[in-house]
1. Using the number of other C-beta atoms within 10 angstrom as an exposure proxy, rank 77, 108, 308 with the fewest first.
2. Can you tell me which lysines have their Cα less than 16 Å from the Cα of residue 296? Leave out same-chain residues fewer than eight positions away.
3. Can you compute the charge dipole magnitude of the chain about its Cα centre, using +1 on each Lys and Arg Cβ and -1 on each Asp and Glu Cβ, nothing else charged? Give it in debye, rounded to the nearest 20.
4. Just for segment 134-252, what percent of DSSP beta bridges are antiparallel, to the closest 5?
5. Is any residue of segment 200-241 close enough, with backbone N under 19 Å, to a label point placed 7 angstrom from the Cα of residue 155 along the Cα-Cβ axis, and if so, which?
6. Out of residues 5 or more away from residue 409 or on other chains, whose amide H comes under 5 Å of its own, with H placed 1.01 Å from N in the peptide plane?
7. Whole-Hz ³J(HN,Hα) for each residue in segment 124-131, computed from phi via Karplus 6.51 cos²θ - 1.76 cosθ + 1.60 with θ = phi - 60°, x for glycine and proline: what do you get?
8. How long is the gain from residue 292 to residue 382 if the chain were fully straight, where each residue apart is worth 0.36 nm and the alpha carbon distance is subtracted?
Amino acid sequence: MGYHIENITVVTWDNDELRIIKNATVETEGNKITYVGGNKNDGSKGEGKVGIDGTGKVLIPGLVNAHTHVPMTLMRSYADDLDLHTWLFDHIFKIEDRLTDEDVYWGSLLGMMEMIAGGTTCFNDMYYFVDRIAEATAESGMRALLSRGLTNNEDKDDYSDDYRIKEAVETFKKWHGAMNDRIRVAFAPHAIYTCAPKYIRAIRNTAEKFGTCIHVHVDETLKEHNDSLNQFGKTPVRHLYDLGLFDLPTIAAHCVHVTEQDMELMKEKSVSFVHNPGSNLKLGSGIAPVPEALRKGLNVALGTDGASSNNNLNMWEEMNLAALIHKGVRRDPLAVRAEEAFKMATVNGAKALGFNNVGQIKEGFVADMVILNFSKPHYLPEHNPVSNLAYSAQASDVETVFVDGRILYDKGEYKTLDTEKILYNVNKVCQRLFG
Ligand SMILES: [Zn+2]
């Protein structure tokens, strides 16, 4: 079983090279992309495959949301226009104390509905009740790297009785590599202000034992940065570097206040830098030094963060912000180019998450792909399809979404999710939590 898509414009990164192929043919077989190129001219019309006419359409790799907390859709528009610490400690943690695993399951499915319809095929999540997030991911057909956010400020030598780490290990054993490797599991010390240094080291050692990667919030606010200087005499990045965390493949979210030296350390350890422009702007945290990170050759990916600090899971807005805000604040139209923003949202995200055969339209890669309708007025005339992706595209232009070779969404119709049931249950959950 596969698909034969013809007459389409392919826009993809091929590792570090941008490729735009007009009038292309793309074929899939099973979960893989088996052909990408011009018309085949061998008479083959993709016998036995389902044909899709791509006239007026563009095919791109599925978007990778490299930092989010999907179940936080439940808290969308609940506590807005606050700084991170007030928002988190006075509002969000209080609701989170009352969340059940069932709430997290329905909140996750709501987030997945939103992500799929907007062309996001893969995401990197940090939350709790991760078994239920994994269950929702398995059902939705999406690809994800999941982790249990670990917090413990108690300073001690032995954390072998820590119930959170135990849960994280159970989740790892149950879900890592599940669903034909669509689901993987990382370990996630939440942040330096919610984890004692020895706790971070214990998590690091657990992740090393299981051979998986790390997902962590890093240097999100000036308060975190200055508290770190006062408490440890070093920046958050240096603190984590000295704890050995970056010896493992690490996804560092935010990095708003990292210094030049911090970025050198991140480069040395191949730490991925996740830019979350929408959330950082909304919480008033600042603007990450993305142009410097790019020039240093760091792998910069893109994320929405949770829907209650954004307030959506729309990667098109993040791409647009990433391509615009740095130009404005630096008065430099080359600060982040359109194709760099598109690269962050696709191949760089896949690399950050360790999904090395994801994020490119390329033979042998898994078929995680999105078809956009480029015949709408805001795309015309089409001088430059990459500019259109970064500056003009809307989530509502997404027409067809494939993950692992399977269509999850087509022309407004969800193929894997019972949307009525999800919306009914989300409503019920919110009545209990906020009613
Ligand atoms: Zn976050």
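Please treat every number below as a calculation from the coordinates, not as lab data. Quick caveat: nothing in here was measured; it's all calculated off a predicted structure. Here the Cβ positions follow ideal geometry from the backbone for every residue, glycine too, while neighbour counts run over all protein chains shown.
1. Going from sparsest to densest Cβ surroundings: 77, 308, 108.
2. Partners found: 267, 269, 343.
3. The dipole magnitude comes to about 460 debye.
4. Here the share of antiparallel DSSP bridges comes out near 10 percent.
5. Counting only backbone N, you get 200-204, 224-241.
6. 401, 415
7. So the J values, rounded to whole Hz, are 10, 10, 10, 6, 9, 6, 5, 4.
8. 29.3 nm
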